[in-house]
Amino acid sequence: MMTIIKAYYSDIITRASLMQKTEKIIKEPLLEIDGLSTHFKTEHSIVKAVNNISFKINKGETVGIVGESGSGKSVTALSVMNLIPQPPGKIAKGSIIFNSPTLGKIDLVKLSDKELRQIRGNEISMIFQEPMSSLNPVYTCGDQVMEAILVHQKISRIEAQKRTLHLFDQVKLPNPKAIFKAYPHQISGGQIQRVMIAMAMSCNPSLLIADEPTTALDVTVQASILELMEQLRDEHDTAIMFITHDLGVVAEVADRVIVMYRGKIVESGSVWKIFSDPQHPYTKGLLACRPRLDIKLKHLPTVSDFMGVDQKGKIVEKEQNKYKSVGEALLLNVLSEDEIHKKQQFLIKQPPILEVNNLKKHYPTRKNLFGKPVEFMKAVDDVSFNVYPGETLGLVGESGCGKTTLGRTILRLLEPTSGDIIFEGKSILGYSNRELRSLRKEIQIIFQDPYSSLNPKKTIGDIIMEPMRIHSILKNRKQRKEKALELLKKVQLESKHLNRYPHEFSGGQRQRICIARTLALQPKFIICDESVSALDVSVQAQVLNLLNELKEEFNFTYIFISHDLSVIKFVADRIIVMKEGEIVETGFPNLLFDNPEQAYTKQLIQAIPKGNLEEIRKKILKRSQNRSAPST
Amino acid sequence: MPISKVSLYSSIIFLGFLFLLGIGADYVASLQNFSTKSNFEQLFVKPNLDSDYILGTDQYGRDVLSIMVVGTRTSLFVGVISMFISTLLGIIIGGLTGFIGDYVLRVSLVHIILSPFYLLLLLYYGYYLPVNLEQWQHFYLSWPLLAVLVIVILILKLLIWLIKKLITKKIVYIPLDLVTQRFIEVFSSIPMFLTLVAVISLINPTLLNFTFIIGVFSWGSSAQLIRAEMIKIRTFQYVEAGYAIGQGYIRNFIYNALPNSLPTIIIFFTYGVGNIILLEATLSFLGIGLAPEEVSWGRLMAGARQNLQAWWLILFPGIILIVTQLSIHRMGRQAKMKIK
């Protein structure tokens with residue numbers, strides 16, 4: 001245990017010298033936000049999305065704004081661009097002073113539309129989260145970047161085309177000429193995001209606002225995009241306002257970090273300061289509740305272990321805090337190597353509960369004249385593995401690797417092309433519809449998106465009682481209602497919630513309702529398909545803890561599907577890494593992470609933003625070297 | 001009060017008034033001075049506030065006001081009931097097949113090979129026997145015919161078993177959605193107006209028949225709309241979650257899909273009622289709609305074709321028709337806004 005303490009705090013010793021180095025970079029401010037408040041008017045009340053915030057961004061600096069959904073980080077970005085939809089939105093107060101190279105110091109709030117258009121895309125540009133919908137599908141990528149150039153600069157089309165190709169080269173797109181002529185749907189998500197960056201950089205802006213630019217991307221792609229952005233920033237001396245919910249990403253790119261909570265800035269400081277010595281309980285909670293790669297925890301600390309919110313919505317530090325600091329929260333929950341080893345040995349000695357043999361699921365992509373398929377998309381290709389009772393099998397891979405298809409095929413929500421699935425010694429592939437329905441009682445699924453997996457027209461009680469009614473588990477409605485209340489209590493919801501509708505609940509609460517619905521059938525086997533991916537980190541920690549507690553109580557077996565290696569590392573007893581429909585590697589988490597056998601696994605692990613102090617120190621050093629290099 | 005609220009409330013009040021008028025039409029028309037009876041001494045009387053006929057009379061000497069009152073019932077009846085039939089067919093045919101899709105209903109190839117036999121059997125027992133045998137009830141239930149049926153079924157079973165054993169065991173999908181879609185396309189490529197004229201000339205267009213015919217012939221568009229809605233809903237995860245907890249297709253349809261498509265259906269229904277009221281008026285005006293003995297706004301207007309001087313026959317039913325349309329559209333717009 002001492003080693004972990006050392007690992008966590010060793011770098012603090014070098015902190016003082018490092019701080020001095022980073023401090024030197026600070027130049028004149030580019031953007032000064034002072035007392036900004038943005039309000040949204042709803043039917044009943046005024047929502048203060050951003051409430052009296054002030055901060056500065058200096059030239060050539062990356063400022064990371066971190067917060068969970070609803071913290072007002074995106075609204076801040078839109079306010080700077082003056083893109084708040086009016087009505088219902090309104091910048092109620094405050095000033096946004098932008099130090100424009102051409103116009104001098106101007107207040108963006110007071111600018112006219114014409115002046116704003118000159119600024120937008122030219123001096124301040126923006127990259128959005130969803131790469132697939134941020135480019136217009138009817139124009140080629142080249143056309144769209146050219147358009148962005150032609151709007152702001154009076155140059156000929158041929159000149160603009162040359163510039164575009166040069167930009168594509170700069171953002172490291174393979175074969176710029178081909179991409180120039182390609183339509184957005186013909187290139188991958190990572191490439192689209194590169195085109196977006198090229199477009200944003202086309203007029204050499206002095207401020208780039210990136211609103212969750214890598215959230216929708218795979219980890220390996222994310223790593224390359226982050227690297228690119230950093231490089232461009234250093235080359236062009238562009239300031240970046242980097243908005244994200246992911247602390248790991250912030251640690252990778254930012255010089256300074258601003259933590260937002262419910263429209264307010266709760267803490268700000270250099271990235272080193274925030275990560276090594278967080279002051280505000282919320283920041284501490286956020287840092288502690290991220291699943292970690294270096295150690296295995298019994299139980300994830302949650303934000304509510306650090307702070308509480310009183311009835312007026314004000315943050316209060318809890319009097320009897322469970323943990324005082326991030327380090328303490330982690331240390332108290334560490335699982336020792338012996339415990340992990342013992343559990344692993346116990347699990348694989350049992351006969352497997354589920355065997356998957358040579359499972360294939362192919363989709364025809366092209367058919368010949370007679371309707372006979374000649375080409376296939378191999379979503380799942382010849383996959384075999386066992387699952388042992390009481391274990392959590394982590395299934396990890398990037399988007400399109402077939403992990404979700406595999407999960408659905410096991411449930412027989414999709415029909416496999418060939419292969420066999422044996423559940424408790426019986427092949428489930430030959431099951432008739434009626435047998436299938438009773439199988440559904442044994443194997444359950446928890447979906448990714450808590451917003452669309454609940455029928456919006458039914459009450460929570462109805463939703464939880466429906467599975468019991470289908471399988472006639474209890475005799476009458478009254479008994480079922482009692483059971484539903486019991487289940488709600490189990491997933492930490494209240495009995496008054498029974499008659500409410502899904503839209504009245506937050507994402508985390510909805511996911512708990514989904515879990516309660518699953519529990520209603522008392523299944524043996526649960527497939528969690530990206531069940532926590534749509535949730536905020538703090539909520540994610542709660543749901544993961546709940547899933548683990550329920551597993552202990554009911555002795556469930558999970559297949560936990562996720563793209564997030566750190567989540568998988570926390571929950572899984574064994575891990576399967578998938579790529580392009582095939583299994584790349586299988587192993588126990590500790591072995592797999594310390595010593596990956598396959599190059600792909602290694603690449604995947606390396607690409608995760610770690611967010612630990614060692615990495616941050618390296619980054620800061622690298623950055624200060626890059627910056628001082630050209631001047632000397 | 002803003003103008004949008006004024007128009008909304010007045011629409012609601014007007015439609016409510018029409019509805020009550022429709023229900024109580026017979027009573028109102030039976031009051032003194034109100035009569036839809038012909039009076040051949042008083043043809044084309046001009047509107048006059050002092051006379052018995054406030055809004056004048058038509059070509060048969062019937063009171064225009066009374067006809068408009070009774071015609072309200074006709075219009076509402078035709079509009080609401082035929083739209084109801086059309087929506088119901090749309091939900092059952094378009095909605096269900098769209099929801100289930102092409103890759104669910106599986107049938108052994110044997111049954112498809114034998115389907116002509118099934119059809120013959122159905123025709124014989126379901127149509128030929130009941131129609132052509134006198135006192136068929138006795139025959140139908142008598143044992144020789146039933147025995148024949150049992151034997152035929154046994155032979156068929158044997159045949160199925162043999163074919164499965166010897167020729168093919170293949171199971172094929174029946175592309176329900178595809179078949180329905182093509183059927184609707186063929187169906188709606190025939191001009192509805194002409195079809196209606198043809199059908200009405202064959203069947204006596206009483207109010208009930210007419211309503212039924214319009215309902216049956218306008219199901220195509222409602223089926224397509226509801227299908228589109230279902231295909232959207234089908235992709236939501238709560239539908240998949242329904243299958244995962246063990247719901248069957250029909251149950252999932254009723255439990256998940258139907259309540260969620262209801263808003264769209266209500267909007268479609270509201271506008272549809274307006275359209276059908278207009279269609280009925282048009283057809284009746286042209287003289288190919290309701291039977292002559294039925295009373296309706298369109299029929300009333302048709303009287304003006306005989307006497308172009310009789311402006312009141314166009315003006316009063318015309319006003320009520322337009323106001324009804326406007327009110328219905330206002331309600332539809334409100335429903336749309338509410339749902340958004």
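The values are calculated or read from the model by the stated rules, or taken from the named source; none is laboratory data. Just so it is clear, the model here is predicted, and its values are computed rather than measured. FYI the Cβ positions are ideal-geometry reconstructions off the backbone, even for glycines, and counts take in every protein chain you see.
Key figures for this structure:
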item	result
Residue A:256 vs. criteria under 20 Å from the mean Cα position of the chain (by Cα), buried (at least 23 other Cβ atoms within 10 Å of the Cβ) and not aliphatic (A, V, I, L, M)	no
Count of the stretch A:447-461 residues which are more than 7 Å from every other protein chain (Cβ to nearest Cβ) and buried (at least 20 other Cβ atoms within 10 Å of the Cβ)	3
Residue count, the stretch A:550-568 (criterion: farther than 18 Å from residue A:510 by Cα and part of a helix (DSSP H, G or I))	8
Residue B:295 under 21 Å from the mean Cα position of the chain (by Cα) and at pLDDT below 90	yes
Qualifying residue in the stretch A:154-166 (condition: modelled with pLDDT of 85 or more, in a helix (DSSP H, G or I) and among the β-branched types (Val, Ile, Thr))	yes
Check on residue B:280, more than 14 Å from chain A (Cβ to nearest Cβ), among the acidic types (Asp, Glu) and surrounded by fewer than 20 Cβ atoms within 10 Å (Cβ to Cβ)	no
Residue, farthest from the other protein chains (Cβ to nearest Cβ), within the stretch A:420-446, restricted to residues that are within 37 Å of the chain's Cα centre (by Cα) and in a loop (DSSP other than H, G, I, E, B)	A:424
Residue match in the stretch A:556-568 (condition: touching a residue at least 40 places away in the same chain (Cβ under 8 Å) and surrounded by fewer than 16 Cβ atoms within 10 Å (Cβ to Cβ))	no
Residue within the stretch A:227-242 that is buried (at least 19 other Cβ atoms within 10 Å of the Cβ), under 23 Å from residue A:614 (Cα atoms), among the small types (Gly, Ala, Ser) and touching a residue at least 12 places away in the same chain (Cβ under 8 Å) present	no
Failed condition for residue B:289, given (1) more than 12 Å from chain A (Cβ to nearest Cβ); (2) touching a Gly at 6+ places or on another chain (Cβ under 7 Å); (3) modelled with pLDDT of 85 or more	(3)
Residue check, residue A:464 out of contact with any Phe, Trp or Tyr (no Cβ under 9 Å at 6 or more places or on another chain), modelled with pLDDT of 85 or more and within 13 Å of chain B (Cβ to nearest Cβ)	yes
Near pairs, Cβ below 9 angstrom, 6+ apart or cross-chain, from the stretch B:51-63 (assigned by TED's automatic domain parsing to the domain that holds residue B:299) to any residue that is of a type in the set (Asp, Glu) and assigned to a loop (DSSP other than H, G, I, E, B)	B:61/B:41; B:63/B:52
Residues (in a helix (DSSP H, G or I) and under 23 Å from residue A:216 (Cβ atoms)) located in the stretch A:114-142	A:131, A:132, A:133, A:134, A:141, A:142
Only one of A:521, A:493 that is more than 14 Å from chain B (Cβ to nearest Cβ) and in a loop (DSSP other than H, G, I, E, B)	A:493
Strands (runs of 3 or more DSSP E) contained entirely in the stretch A:217-297, each with at least 2 residues that are more than 23 Å from residue A:134 (Cα to Cα) and either modelled with pLDDT of 85 or more or not small (Gly, Ala, Ser) (or both)	A:256-261, A:264-270
Subset of the stretch A:389-407 that is among the β-branched types (Val, Ile, Thr) and assigned to a strand (DSSP E or B) - its residue that is farthest from residue A:353 (Cα to Cα)	A:396
Conditions (1) more than 30 Å from residue A:540 (Cα to Cα); (2) surrounded by fewer than 17 Cβ atoms within 10 Å (Cβ to Cβ); (3) facing chain B (nearest Cβ under 9 Å); number of the one not met by residue A:472	(3)
Where residue B:288 falls short, out of the listed (1) hydrophobic (A, V, I, L, M, F, W, C); (2) under 22 Å from the mean Cα position of the chain (by Cα); (3) crowded, with 17+ Cβ neighbours inside 10 Å	(3)
Residues (within 16 Å of residue A:201 (Cα to Cα) and of a type in the set (Gly, Ala, Ser)) located in the stretch A:105-122	A:121
Options B:252, B:275: the member that is of a type in the set (S, T, N, Q) and within 14 Å of chain A (Cβ to nearest Cβ)	B:252
Residues of the stretch B:57-75 classified as more than 19 Å from residue B:30 (Cβ to Cβ) and surrounded by fewer than 22 Cβ atoms within 10 Å (Cβ to Cβ), total	1
Answer residue from the stretch A:344-370, given it is under 30 Å from the mean Cα position of the chain (by Cα) and charged (D, E, K, R) and is nearest to residue A:387 (Cα to Cα) among those	A:360
Members of the stretch A:361-400 found to be modelled with pLDDT of 85 or more, touching an Asp or Glu at 6+ places or on another chain (Cβ under 6 Å) and among the charged types (D, E, K, R), listed by number	A:381, A:391
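Condition check ((1) within 14 Å of chain A (Cβ to nearest Cβ); (2) at pLDDT 85 or above; (3) outside any helix (DSSP H, G or I); (4) touching a Phe, Trp or Tyr at 6+ places or on another chain (Cβ under 9 Å)) across all residues:
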{"position": "B:197", "(1), (2), (3), (4)": "no, no, no, no"}
{"position": "B:205", "(1), (2), (3), (4)": "no, no, yes, no"}
{"position": "B:212", "(1), (2), (3), (4)": "no, yes, no, no"}
{"position": "B:223", "(1), (2), (3), (4)": "no, yes, no, no"}
{"position": "B:228", "(1), (2), (3), (4)": "no, yes, no, no"}
{"position": "B:233", "(1), (2), (3), (4)": "yes, yes, no, yes"}
{"position": "B:246", "(1), (2), (3), (4)": "yes, no, yes, no"}
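One line per residue, one yes/no per condition, for (1) assigned to a strand (DSSP E or B); (2) out of contact with any Gly (no Cβ under 6 Å at 6 or more places or on another chain); (3) under 22 Å from residue A:271 (Cβ atoms); (4) at pLDDT below 85:
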site: A:43; (1), (2), (3), (4): no, yes, no, yes
site: A:56; (1), (2), (3), (4): yes, yes, yes, no
site: A:70; (1), (2), (3), (4): no, yes, no, yes
site: A:80; (1), (2), (3), (4): no, yes, yes, no
site: A:85; (1), (2), (3), (4): no, yes, no, yes
site: A:95; (1), (2), (3), (4): yes, yes, no, no
